Amino acid sequence: MPDLRLTTPSFLVLGIIDKLGEASPYDVKVEAARTVAPFWSMPHAQVYAQCDRLVDAGLLSEVRQKGGRMRRVMRLTPAGEAALQEWLADPAFVPVEARERGILKLWFGARPEVLAPVQLDEHERTLTNYEELADSVGDLLTRGQREALEFGIRYERMMVDFWQWVEQRDQLGS
């Protein structure tokens, strides 16, 4: 196996293929968009590149389906399973990189009275969606999936609180 530095996107691909049992790069892209996108986004091109890297490294096996589009279907190899399990067992802390465009705009001088109402509405909408999701399918999720959804709910509550604070400060002229 070539020396390969595995990144979080590498483990995202391994984890999704592990959950699905087997998958094409397109399947990984769709499943990532359907499941983890609210807390971990990954460009489509990166999914395909990661799949190629992981096949080349021997962490995924690949079979071309016969007929039709000859889809590539991948499975974890024993080395891929071991790498994923090692990563899942590693409790190391990695600081969060909050990539909130609204916060960046505030930093560079955006007008709070213009920015805050839109940000507040969008975070309230997302919070409502997450809470509805928790009510409708929360019991069907694995413990880890439910905890990830709870993170999304708590994050959106915090963002709603933050943008309410920004609006209040603006109204007070602070």
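The values are calculated or read from the model by the stated rules, or taken from the named source; none is laboratory data. Keep in mind it's a predicted model, so treat the numbers as computed, not measured. With ideal geometry, Cβ positions are generated from the backbone for all residues, glycine too; neighbour counts draw on all protein chains shown. Calculation scope for accessible area: heavy atoms of the full protein, side chains included, ligands and nucleic acids excluded. Shrake-Rupley method; radii C 1.70, N 1.55, O 1.52, S 1.80 Å.
Structural remarks
- Per residue accessible area of the range 1-72, 1.4 Å probe, in Å²: 60
- Dipole moment magnitude, nearest 20 debye, the range 1-154 about Cα centre, only Lys, Arg, Asp, Glu C-beta charged: 660
- Highest-fluctuation residue, E100, E81, E150 considered, GNM on the chain with Cα pairs under 10 Å: E100
- When a 1.4 Å probe is rolled over the protein heavy atoms, the share of accessible surface on the chain that falls to carbon and sulfur comes to 55 percent.
- On Cα atoms only, tilt of 8-20 relative to the major axis of the chain in degrees: 70
- Sequence-distant contacts, meaning Cα pairs under 8 Å at least 6 residues apart, place the relative contact order of the chain at 19 percent.
- For the chain, the longest principal axis of the C-alpha atoms and the axis of helix 44-56 are separated by about 30°.
- Highest-fluctuation residue, E124, E97, E113 considered, GNM on the chain with Cα pairs under 10 Å: E97
- Between the range 141-174 and the range 94-118, the alpha-carbon center distance in angstrom: 13
- Candidates D27, D139, D161, ranked by Gaussian network fluctuation over the chain, Cα under 10 Å, top entry: D139
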